[in-house]
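Nothing in this text is a laboratory measurement; each read-out follows from the coordinates by a stated rule. Model, not experiment: these values are computed from the prediction. Cβ sites come from the backbone with ideal geometry, for glycine too, and all protein chains shown count toward neighbours.
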Amino acid sequence: MAFNYAAAYQNNKVQTASKGELTLMLYDAGIKFVNKAIISIEKNDIQGANANIIKAEDVIVEFRSTLDHKYPVAKDFDVVYDFMYRRLIEANIKKDKEILEAVLVDFKEMREIWMQVMKQGRQQAK
C-alpha cells in the first residue's frame, strides 16, 4: 500500500496549526469549494455544484459553531455567516453562478479581515 505523503502533510499541518491559522484554513476551504461549485455550474455538473456548495455550507456551519458569544463582535460575525449560508442555499437551489460569485467575494473579504486580525495580534504580542 502506497503512503499518501500529501495527506500526511496536510494532517500534520492541521494538527500543528494555531487557532488563527485553522480559521484561515477554513476561509481558504470555503473559497476553494465555492470556486469549484462555480466551475461545476459552468460545466453543467449539477452534482458537483451541489457537493461543493454543501461543503461551503459546512464551512459556514463550523464558523458559526465556534463563535465565542461572550464577545460582542461574535453577533456581527454570526449575522454575516447567516447571510452567506442563506445565499449558498439559494445558489444551490437555483444553481446560480452569480450568487456564488457574490458569496466568494464575502469569503475573500472575511479572509482578508481575519488576516488583518492575525497581523494586529502578532504586532501586539511584540
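Observations, loosely collected:
- Full-extension gain in nm, I89 to Q47, via 0.36 nm per residue minus C-alpha separation: 13.7 nm
- Gain upon complete extension [L24, A102; 0.36 nm per residue less C-alpha separation]: 26.1 nm
- Estimated from the Cβ-Cβ distance and a Förster radius of 25 angstrom, the FRET efficiency linking I54 and E109 is about 0.70.
- Cross-link partners of K32 among lysines, defined as those whose alpha carbon lies under 24 angstrom from its own and excluding same-chain residues fewer than eight positions apart: K13, K19, K43, K55, K94, K95, K97, K108, K119.
- Neighbour net charge for R111 - beta-carbon separation under 14 angstrom, K R +1, D E -1: -2
- Each Lys or Arg adds one and each Asp or Glu subtracts one; over the other residues with Cβ under 13 Å from the Cβ of T23, this totals -2.
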